[in-house]
Amino acid sequence: MGEDSESPKINHSFLRDYVTEADVISTVEFNQTGDLLATGDKGGRVVIFQRETESKGECEELGESGEYNVYSTFQSHEPDFDYLKSLEIEEKINKIRWLPHQNAAHFLLSTNDKTIKLWKVSERDKRPEGYNLKDEEGRIKDVSTVTSLRVPVLKPTDLMVEVRPRRIFANGHTYHVNSISVNSDGETYLSADDLRINMWHLDITDRSFNIVDIKPANMEDLTEVITAAEFHPHHCHLFVYSSSKGTLRLCDMRESALCDKHSKIFEEPEDPGNRSFFSEIISSVSDVKFSHSGRYLLTRDYLTVKVWDLNMEKGPVETYQVHEYLRSKLCSLYENDCIFDKFECVWNSNDSVIMTGAYNSFFRMFDRETGRGVTLEAWRESSKPRAVLRTRRVYSGGRRRRGDVGVDSLDFSKKILHMAWHPAENIIAIAATNNLYIFQDRVNAENQ
C-alpha cells in the first residue's frame, strides 16, 4: 500500500451543494453484516443506507457488489434543556452502535450528550384486511350490524420501513456521553462520559451500574478525563478506556464490581526532549478500537495512530505518523481550536490495514505488514461512478513533486473525523463535513 500503488475505486457518494451545521455528519457505523450503514448528524437525524442486492451476472459484468441507497431516515434526538444546570442539550448524535442481528428486525443504539435510545428498524410489506369490527376505512362498526365472522387475511402492499423507539436510557450521565459499546454477550452495553462509565442492560432503562468513576472529591484535583471506551469483541468481562493523558486502561469486571483499579495500563514514556506546551493536548487519545481478533488495540492521538499489544504494556508495538508536518503549526492550530479535533481510527476486516482521517479532505491508510502509508482524498471529482482515487502528498520540504499540496495551503475546515470499514470487505465509508463517500477497492476484490 505504497504512495504509488493503484488506489481503490469509488462505489458511491452522497453529496450536497450547501452546508448547514445540522447537516454535518457526526458518526458513521456499519452493522455486523455490512449490508446496512447508519450515519448520525448534528441535527439529531439518523440516516440508514442499505446495500442493494443485484443479480450475480450483473454484478460480475459491472465489477460491483451492490451500491448503498437510502433505506430510512428518522429524527433520533431533539434539542433539550437542563433546567437544573441551565444548560442546552444539543441534538447532535455522538455515536451509533448496531446490536447483533437476531431476527428479521434490526436494532441500533444512538446517543447524544445525555440520552441513549434503542431503535427497532423493521419492514412491512403486507397489511391485514377483512376486520370484523372495522370497516374498510378503519372506522368501528356497530356490533349489531355484524352478522357473520370473517377471518382477516394479509394482502401485499408497498414496502414500508418502520423505525420505532423501544427503550430510552436517560438520566445516567452528569457529563457528556462520548462512547457507547455493545457487549459480546448481546445483553448489556456500556456508556462513557468524561468522568464515569456505566453498564446498562438492554431491557432495563431505569438503572445502570457504575463501573468506572474517576471524579475526584475536589474537582480542582482533576487531571484527566475519559475520552473513549469499548468492550472486548470476544470476552464480555473485559473493556478498555482511554484518557486525555494518553493512557489506556484495561479493566476486568471479574476482579471487582467497580473497576477504578485497572488490570493493565498502557502508556508510552514521554521523550523529555520533545516536551512542549502542547505535549499533553496532542497526546490525548481521541479514539480506541479493539482489533477484530481481540489481540491488539488501535488508538489515535492528534499526530499519530498507534497499535498496542494486550500482552505488552510498556509501549505501542507500531506507531504511524499521520501528519507530522503539522508539528510546526501547533501554535496556529491551537489558536483556531483545530488542535482539539477528535479523529477516529478503524481496522480493516482482517486487521492488516488501519485507517484514520486528516485535514484537507485527506485520509490515511497504513499497511501493517510493510509499514507503508498512503494518503487519499475524498473530494467531489472522485464522486463519479468508477472513478479512481488519487494518492496525494503534502509538501513540507525537500524536492517538490507535481501535484504536491503545500502545508500552508491545507484547508483545515475540511476535516475527515468519522469513518467506518465494512466488517468483511474492502468497502469504507468516509464522512467529509456533510457529505458521505463510500469507496470500494475493486482491484483487490477482483483478484480474490
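The values are calculated or read from the model by the stated rules, or taken from the named source; none is laboratory data. Note that the structure is a prediction, hence the values are computed from the model and not measured. Backbone-built Cβ (ideal geometry, glycine too); neighbour counts: all protein chains shown. The accessibility values were calculated without ligands, DNA or RNA, using every heavy atom of the protein model including side chains. Shrake-Rupley method; radii C 1.70, N 1.55, O 1.52, S 1.80 Å.
Quick notes on this one:
- All positions within the range 169-189 that are under 20 Å from E91 (Cα atoms), aromatic (F, W, Y) and surrounded by 22 or more Cβ atoms within 10 Å (Cβ to Cβ): F169
- Restricted to the range 116-159, and to residues there that are open to solvent by 90 Å² or more (accessible area, probe 1.4 Å) and closer than 30 Å to N31 by Cβ, the residue that is modelled with the highest pLDDT is E123.
- Considering the range 262-296, and only residues there that are within 18 Å of V212 (Cβ to Cβ) and of a type in the set (A, V, I, L, M), the residue that is farthest from the chain's Cα centre (by Cα) turns out to be I265.
- Here R164 qualifies as over 30 Å from S86 (Cβ atoms) and touching a strand residue (DSSP E or B) at 6+ places or on another chain (Cβ under 6 Å).
- Tallying residues that are among the aliphatic types (A, V, I, L, M) and at pLDDT below 95 within the range 311-320 yields 1.
Residue by residue, here is whether (1) without any contact (Cβ under 8 Å) to a residue 40 or more places away in the chain; (2) in a loop (DSSP other than H, G, I, E, B) holds:
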| position | (1), (2) |
| --- | --- |
| F74 | no, no |
| K85 | yes, yes |
| L109 | no, no |
| V151 | yes, yes |
| L159 | yes, no |
| E162 | no, no |
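- Restricting the first member to the range 220-240 and to residues that are more than 11 Å from D252 (Cβ to Cβ), and the second to residues that are open to solvent by 60 Å² or more (accessible area, probe 1.4 Å) and among the basic types (K, R), the beta-carbon pairs closer than 6 Å and six or more apart or on different chains are E224/K245.
- Among residues of the range 391-411 being open to solvent by 40 Å² or more (accessible area, probe 1.4 Å) and in a helix (DSSP H, G or I), the one that is nearest to S361 (Cα to Cα) is S409.
- Residue count for the range 372-390 under the criterion of being part of a loop (DSSP other than H, G, I, E, B), of a type in the set (G, A, S) and at pLDDT 75 or above: the result is 1.
Conditions (1) out of contact with any Pro (no Cβ under 8 Å at 6 or more places or on another chain); (2) modelled with pLDDT of 95 or more; (3) closer than 19 Å to N171 by Cβ; (4) surrounded by 15 or more Cβ atoms within 10 Å (Cβ to Cβ), marked per residue:
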residue	(1), (2), (3), (4)
S191	yes, yes, yes, yes
L195	yes, yes, yes, yes
W200	yes, yes, yes, yes
D206	yes, no, yes, no
E220	yes, no, no, no
